[in-house]
Structures are given as C-alpha cells and as structure tokens.
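This report refers to the structure that appears directly beneath it.
The values are calculated or read from the model by the stated rules, or taken from the named source; none is laboratory data. All values derive from a computational prediction rather than experimental measurement. For neighbour counting, all protein chains shown are included, and Cβ atoms are generated from backbone atoms with ideal geometry for every residue, glycine included.
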Amino acid sequence: MAEINLLDLYPKSKRPIDERVRVISAETRAIARQYGQEFFDGDRLYGYGGYKYDGRWVPIAKRIGDHYRLAKDAAILDVGCAKGFLLHDFRNLMPKAKLAGLDISEYAIQNAMESVRGDLTVGTASDLPYEDKSFDLVISINTIHNLPREECAQALREISRVSRGAAFVTVDAWRTDEEKQRLLKWILTAQTYMSTSDWEQFFEKAGYRGDYFWFIP
Ligand SMILES: C[S@@+](CC[C@H](N)C(=O)[O-])C[C@H]1O[C@@H](n2cnc3c(N)ncnc32)[C@H](O)[C@@H]1O
C-alpha cells in the first residue's frame, strides 16, 4: 500500500472554483448525481461540460502499465470507467490485455468508445460483478468518493476482492485547511471526503491494501 501519483502526467487545468460555488445548488448536485447526459455532456455546471476523447490518458495508461509491470495480456478493471477513455488507451497500448470497465452511468456506457464498449458493464462499485482475484490490476479514479461512507468502504473491499494484488484509487481529499476550503467549494457529486491522513486510516480499516492518490482541486 503506497501513496503514489500515477496521474502526474494528467494535464493541469485551472478550475473555476469561486464561480462554481456561486452557482451550485442542491438541485445542481441532484442532477449531476444522476450521471446522465447533463453530467457528461451538459453545461459545465453539472459536471464535465462535454467529455470528449482527446488522448490525455495516453501517457497515464503507459505510466500505470510500466509502474505495475503489467504483462501484455494482463487483466485490467477500471471501476468508474465513464466513457472508457483510459481503457481505450490501454487497448491501443496492450492489444492483448483483457479489459473490463464498470460504471453506474448507463449514459456513459451507451456513449463509450467503440473500441471498448463491449467490455463495459453498468453497475456499482460496491457490488462488483466479477469473481475473486479476476484482475491483475484494478483502477478507480475519482469514483468511490461518490458513494456514501459505508458503501465507499464496501467498494474498497470489492476492489481488493477482485484484484490479484495490484490496485490504484484516487479520491477527493485535502492536506491543509486551505485545500479543504477549496475542495468543499468544488465538490459536486462526492459524498465521502476527508483529509489524506483520515483516508489512510479509512483504507486500513476497510482492509484496502492497494495504492492511492488524491484529487485536490
Ligand atoms: C469524476 S467521474 C471519473 C470518471 C473517470 N474515472 C475519469 O477519471 O475520468 C466519476 C465517475 O464515477 C461514476 N460513478 C458514480 N457513482 C458510481 C458507483 N456507485 N459505481 C460506479 N461508478 C460510479 C460516474 O458515473 C462517473 O463516470
């Protein structure tokens, strides 16, 4: 179990945090949490504001594959795969890999990259429809914090259960009070968020033994 930033090659963007906090409401959050068309392809207020493939995950797929020394035919699961952009890049990088993706959003899966659509399933992170130890690597980026606390812990147990060892998750967190204030302004869908040290205890208690890093806006 290690803290490691495997997303360090992800492009940095300036987030309009103060603007978002002005316009966000309980209704906005309720719409975003449906993970439908509005969240992925609607106004930026509701989520991604148009979530188009642009290749930004290519270097990250390579970084992750190298870090875990994945075999060419490794089995990889992405929990919260959205439209399958990361899995699409794994497919190009490792054509023999056995890929699987799961997301709660029917919309995302229906509109996913064609190259991987057949490998994607609609479902929830807290009840993964896979056998024990099915995957060489389970990834879950910015997803499990969207579940309430108990289900989030259950999702960590599920990730551990279906992995043969390696796992990597990222979650909403803060290290300082300033980062906490920024995160609280930015949060749209997350239901479980805490300091990095509290997350580490949470992982431990849930029995999660994989790697992790933070989303700190
Ligand atoms: C911020 S997006 C991250 C998507 C992708 N991993 C990425 O980093 O671009 C959060 C994703 O979590 C999915 N999600 C939310 N709740 C979920 C759940 N209970 N189980 C599985 N996926 C969930 C959403 O549909 C959405 O695709």
Inset, instruction - Output yes when any residue across region 34-42 is on the phi < 0 side of the Ramachandran plot, modelled with pLDDT under 95 and touching a Lys or Arg at 6+ places or on another chain (Cβ under 7 Å), and no when none is. - result: no
Legend entry - Any chance residue 130 is assigned to a loop (DSSP other than H, G, I, E, B), in contact with a strand residue (DSSP E or B) (Cβ under 8 Å, 6 or more places away or on another chain) and under 24 Å from residue 69 (Cβ atoms): yes
Inset, instruction - Evaluate the following for residue 69: is it surrounded by fewer than 17 Cβ atoms within 10 Å (Cβ to Cβ), within 30 Å of residue 1 (Cβ to Cβ), of a type in the set (Lys, Arg) and more than 18 Å from the chain's Cα centre (by Cα)? - result: yes
Inset, instruction - Please work out which residue is modelled with the highest pLDDT, limiting yourself to region 47-59 and to residues that are surrounded by 15 or more Cβ atoms within 10 Å (Cβ to Cβ) and within 12 Å of the ligand (Cβ to nearest atom). - result: 57
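Is it the case that some residue within region 74-84 is part of a loop (DSSP other than H, G, I, E, B) and β-branched (Val, Ile, Thr)?
no
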Inset, instruction - Quick one: residue 27 ticks every box in (1) surrounded by 12 or more Cβ atoms within 10 Å (Cβ to Cβ); (2) within 27 Å of residue 109 (Cβ to Cβ) except a single one, so which number is it? - result: (1)
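For residue 108, are the conditions met, namely being over 19 Å from residue 163 (Cα atoms), within 9 Å of the ligand (Cβ to nearest atom), modelled with pLDDT of 95 or more and among the hydrophobic types (A, V, I, L, M, F, W, C)?
Numbers: over 19 Å from residue 163 (Cα atoms): yes; within 9 Å of the ligand (Cβ to nearest atom): yes; modelled with pLDDT of 95 or more: yes; among the hydrophobic types (A, V, I, L, M, F, W, C): yes.
Yes.
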Inset, instruction - Determine if region 72-85 includes at least one residue that is more than 13 Å from the ligand (Cβ to nearest atom), surrounded by fewer than 23 Cβ atoms within 10 Å (Cβ to Cβ) and free of Cβ contacts under 8 Å to residues at least 60 places away in the same chain. - result: yes
Inset, instruction - Could you please give the count of residues in region 32-53 that are within 17 Å of the chain's Cα centre (by Cα) and assigned to a loop (DSSP other than H, G, I, E, B)? - result: 9
Legend entry - Members of region 113-127 that are assigned to a loop (DSSP other than H, G, I, E, B), without any contact (Cβ under 8 Å) to a residue 40 or more places away in the chain and either in contact with a Phe, Trp or Tyr (Cβ under 8 Å, 6 or more places away or on another chain) or within 10 Å of the ligand (Cβ to nearest atom) (or both): 123, 124, 126, 127
